[in-house]
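Asks: Pasting in a structure now, in structure tokens, and then I'll have a few things to ask.
The values are calculated or read from the model by the stated rules, or taken from the named source; none is laboratory data. What you are looking at is a predicted structure, and each value in this text was computed from that prediction instead of being measured. Cβ placement follows ideal geometry from the backbone for every residue including glycine, while neighbour counts extend to all protein chains displayed. Keep in mind that these areas ignore ligands, DNA and RNA; they rest on the heavy atoms of the full protein, side chains included. Shrake-Rupley method; radii C 1.70, N 1.55, O 1.52, S 1.80 Å.
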Amino acid sequence: MVSSSCISLTELASGDNMLSFPQTQSVLLQAKTVPGNILDVDGNDGNSDEHSFKLRKKNILVASFLPVHAKKDLVSGKWCFSFDEDALVLQMKDGFSSDTDVFYVGSLKVDVDSSEQDEVSQRLQEEFNCVPTFLPPDLHKKFYHGFCKQYLWPLFHYMLPIFSDYGNRFDRLQWQAYVSANMKFVDKIMEVINPEEDYVWVHDYHLMILLTFLRKRFLRVKLGFFLHGPFPSSEIYRTLPVRNEILKALLNADLIGFHTYDYARHFLSCCSRLLGLDYESKRGNIGLEYLGRTIYIKILAVGIHMGRLESALNHPSSSIKFKEISEQFKGKKVILGVDDMDIFKGISLKLLAMEKLLQRYPQWLGKLVLVQIVNPARSTGKDVEEAKRDTYTAAERVNEKFGFPGYEPVILIDRYVPLYEKTAYYALAECCIVNALRDGMNLMPYEYIVCRHGTQKTDEALEMASDDRLPTSTLVVSEFIGCSPSLSGAIRVNPWDISGVADALYSAIMMNDKEKELRHEKHYRYISTHDVAYWARSFMQDLERACKDHYSKFCYGLGFGVDFRILSLSPSFRKLCIADIVSAYERTSQRVIFLDYDGTVVPQYSIDKTPSSKFIRDLNALCSDPKNIVFIVSGRGKDSLSDWFAECENLGIAAEHGYFIRWTRELEWETSPLAVDFGWKRVAEPVMKLYTETTDGSYIETKESALVWHHQYADPDFGTCQAKELLDHLENVLANEPVIVTKGDNIVEVKPQGVSKGFVAEKVLSKMISDRQLPDFVMCIGDDRSDEDMFERISSGSCISELPVAPEIFACTVGQKPSRARYYVDHSVDVLTTLAALAKVSDPMLEALAQVSDPESEYINADYSSDNNDA
């Protein structure tokens with residue numbers, strides 16, 4: 001059955017008043033399936049009682065602009081449409097299966113009057129599978145030219161608006177326009193999506209917040225995102241006032257793609273520093289765990305469309321251009337640059353390098369030409385005008401200084417240059433240079449390599465025999481562009497080092513033919529096998545894998561507006577219901593309760609770890625109940641636990657993960673018989689001290705039975721890196737010692753083998769059974785890896801399996817994360833609330849005390865950080 005998905009989004013994106021732009025009206029209330037069958041919104045075809053066909057799967061590609069040219073005939077008033085063959089989203093189709101329909105959602109690059117929008121929409125969908133998003137002019141200006149181009153784009157390219165003359169500062173109205181525009185794109189996706197079958201692939205930074213609103217509509221939508229530009233380092237990204245909203249929006253995707261590892265690393269670092277999330281690599285796949293979901297990271301640079309370039313090379317006009325350019329630059333070596341006119345392309349620095357080259361090597365005067373093709377700017381503003389002025393000033397100076405009649409060392413081509421003409425310049429250039437200061441990818445070097453490889457037609461135009469010609473090429477590329485890592489044979493340069501760039505250009509033009517041939521062959525082999533079809537196919541395969549478990553978990557929506565996110569849980573993993581546990585507690589008589597301390601009854605990030613008086617009161621009520629055995633099971637030392645719980649006479653305490661156990665306050669501490677020799681400390685402690693000295697913010701906690709290295713106050717990235725190194729180092733030096741080395745939440749711990757919290761649970765349960773106190777209620781609450789052993793022992797341990805009647809078991813973890821526990825609570829406050837409810841059953845007098853005091857105020861810890869709420 002087709003999902004009825006033609007519903008307009010009406011939710012506000014935030015608590016702020018959104019801009020009141022008029023809603024786009026649409027009549028496209030149909031979902032297109034196989035040819036000849038159009039379903040109405042209720043899923044009926046009007047012809048038969050049962051559908052005799054199966055819906056074709058669709059890939060819905062969403063970008064800021066549709067891959068079509070649109071032009072209105074001024075005489076007839078009719079619209080003419082044609083595919084834009086250079087559009088990346090159109091070229092991607094070659095990588096998809098033939099049995100998959102491809103739909104495109106985006107804006108047109110021209111304004112369409114509101115009276116014509118329905119007709120244009122109908123035509124574009126029927127003839128081109130395109131669903132246009134019509135944005136009011138004021139909204140489009142604030143969204144695209146405002147927030148996207150004047151704020152996000154410079155920021156993602158490492159340009160901070162420190163002064164108002166250099167970039168726009170954050171504007172709340174532009175942000176609201178960005179959100180409003182993204183919501184309108186979601187409206188259009190809703191018109192064509194079948195959420196159970198279709199895949200949605202969203203492209204680039206213009207539509208990042210779209211992921212939140214689409215996920216809100218369909219919790220299990222199969223959703224991918226690819227960022228086509230750089231993702232800045234955390235130091236830059238954290239200056240964004242809506243940094244968390246955008247990060248959480250991206251985490252609503254199932255798969256997030258980046259061109260390079262650097263961009264992915266910066267994104268992961270931001271997730272770690274701002275949201276407290278960790279990532280890990282399994283079998284080559286990087287995954288982020290977030291609210292029970294795994295968001296996968298894809299690192300693969302986009303490729304070019306080989307067929308499109310080869311067609312341009314074989315174009316008749318291209319052959320004519322070959323001959324014209326060959327004649328124009330006869331007897332000269334050509335260095336080629338092709339760049340958009342913007343501040344990050346480094347065109348003026350490239351011209352300064354050419355000037356330096358001619359100064360150092362005057363023998364090349366009259367023999368060397370830099371041809372700089374300047375593509376039209378994609379945005380407007382003072383910075384573009386300044387970049388253009390600097391470029392022309394530098395070109396004029398170089399030509400005046402080194403030029404003479406019949407020779408200009410720098411030739412600027414500042415106009416739209418069709419692809420067939422560009423291919424002619426590519427094919428004839430001895431060297432190609434990309435000198436960008438920062439660029440997400442830049443496919444120009446790929447195009448240059450393919451054009452230098454040539455075709456039979458280009459060989460004929462150049463009057464060369466294909467069998468005799470060996471393709472050669474030389475590349476000089478900035479180390480700050482996305483294609484640089486994939487071009488291992490290129491000469492990499494720092495664009496700010498003008499002398500270094502000049503030297504690189506000289507090396508390129510002086511390189512021998514054999515070296516040029518080998519470098520060209522290496523590049524061409526990679527580019528021809530990693531084209532745009534390969535990139536699209538690889539991404540979709542990974543997206544399918546990332547979504548394969550969508551229907552094996554329960555999904556719940558959390559938050560409102562731009563803060564919406566999804567919680568995904570195993571069907572057997574659910575939130576602990578206080579009413580259920582109180583009911584089980586009331587009907588049982590042999591109860592045992594295990595409680596972790598840090599992160600469970602006090603928040604992990606709390607500075608003051610002392611238990612509250614309300615918690616002590618509730619704990620005493622539980623311990624005083626003769627039906628109960630209550631244990632605090634902690635990794636902390638016995639002295640601090642003894643002091644904190646001195647008022648609890650009947651409380652059992654297991655300190656240092658069970659190395660020390662005390663059954664009640666009046667009894668002596670028992671020591672685990674599993675560890676008697678601590679000579680290993682003399683080996684482990686110096687190693688830990690070494691890492692403490694080199695890791696600012698780390699420290700060593702010395703226990704009687706264990707050594708713990710803490711790094712929660714260190715730099716998150718460096719602390720995690722050092723912890724991995726320390727773990728490996730300790731495992732090597734302690735390989736023959738009777739200890740285990742474990743990594744926990746911001747810690748690395750060395751402790752005796754066999755000592756664990758699971759051992760405590762097993763021991764307590766065994767003693768109860770031997771005393772003929774068969775447990776019928778077992779509750780265990782913890783928050784980290786050390787508690788997982790307890791969860792396993794109380795759920796499937798030998799003691800439990802020997803009982804004639806299975807007890808009521810409540811294994812509960814704090815926070816939604818993969819766990820052996822069956823239940824979860826969100827925060828330590830929920831743990832205290834649960835214990836208070838049980839305490840009132842054991843001691844009804846607490847109900848009267850609760851009416852006098854404000855219990856919640858004692859449970860809320862001011863040190864709990866909201867930034868770590870989602871971790």
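Asks: Per residue of the chain, what 222 nm ellipticity follows from adding -39500 (n - 2.57) for every DSSP H run with n ≥ 4, rounded to the nearest 500?
Replies: Here the helix-only value at 222 nm equals -11000 deg cm²/dmol.
Asks: Continuing with the same structure: Find the accessible area per residue for the chain; the probe is 1.4 Å, ligands and nucleic acids are left out, and the unit is Å².
Replies: 43 Å²
Asks: Please compute the contact order of the stretch 249-298 in relative form: average sequence separation of alpha-carbon pairs under 8 Å and at least six residues apart, divided by the residue count, as a percent.
Replies: 40 percent
Asks: Next up: What is the dipole size for the chain, taken about its Cα centre, with +1 at each Lys and Arg Cβ and -1 at each Asp and Glu Cβ, in debye to the nearest 20?
Replies: Roughly 1740 debye for the chain.
Asks: Order these peptides, 232-245, 443-456, by their mean beta-carbon neighbour count within 10 angstrom, highest first.
Replies: 443-456, 232-245
Asks: Quick check on the chain: take the gyration tensor over C-alpha atoms, sort the square-rooted eigenvalues as a ≥ b ≥ c, and tell me if it's rounded (a/c under 1.5), prolate or oblate.
Replies: It comes out prolate by the Cα gyration axes.
Asks: Sticking with this structure for a sec: Could you list the GluC sites (Glu not before Pro) in the stretch 77-179 that lie in coil according to DSSP, counting only those with at most 15 other Cβ atoms within 10 Å of their Cβ?
Replies: Counting only loop positions with at most 15 other Cβ atoms within 10 Å, the GluC sites (Glu not before Pro) in the stretch 77-179 are E85.
Asks: Can you tell me, using C-alpha contacts under 8 Å and at least 6 residues apart, the relative contact order of the stretch 157-306 as a whole percent?
Replies: Relative contact order, the stretch 157-306: 19 percent.
Asks: Filter the trypsin sites (Lys or Arg not before Pro) in the stretch 770-815 down to the DSSP loop ones having no more than 14 other Cβ atoms within 10 Å, then list what survives.
Replies: R772
Asks: Could you order the peptides 549-558, 250-259 from most to least packed, using the average number of other C-beta atoms within 10 Å per residue?
Replies: 250-259, 549-558
Asks: With a/c under 1.5 counting as rounded, go ahead and sort the stretch 731-842 into rounded, prolate or oblate using the C-alpha gyration tensor (a ≥ b ≥ c being the square roots of the eigenvalues; past the cut-off, prolate if a/b is larger than b/c, else oblate).
Replies: It is oblate, given that a/c is not under 1.5 and a/b is not larger than b/c.
Asks: Which of the lysines could be linked to K58 by a straight reach, that is with a Cα gap under 19 Å, when you skip same-chain ones fewer than 8 residues away?
Replies: K32, K93, K188, K222, K548
Asks: Rounded to the nearest 0.05, what FRET efficiency do S379 and Y699 have when you use their Cβ-Cβ distance and R0 = 45 Å?
Replies: 0.35
Asks: Compute the relative contact order of the chain as a whole-number percentage, counting only Cα pairs closer than 8 Å that sit 6 or more residues apart in sequence.
Replies: Computed value for the chain: 10 percent relative contact order.
Asks: Roll a 1.4 angstrom probe over the protein heavy atoms and tell me the percent of accessible area of the stretch 622-768 that is carbon or sulfur.
Replies: 50 percent
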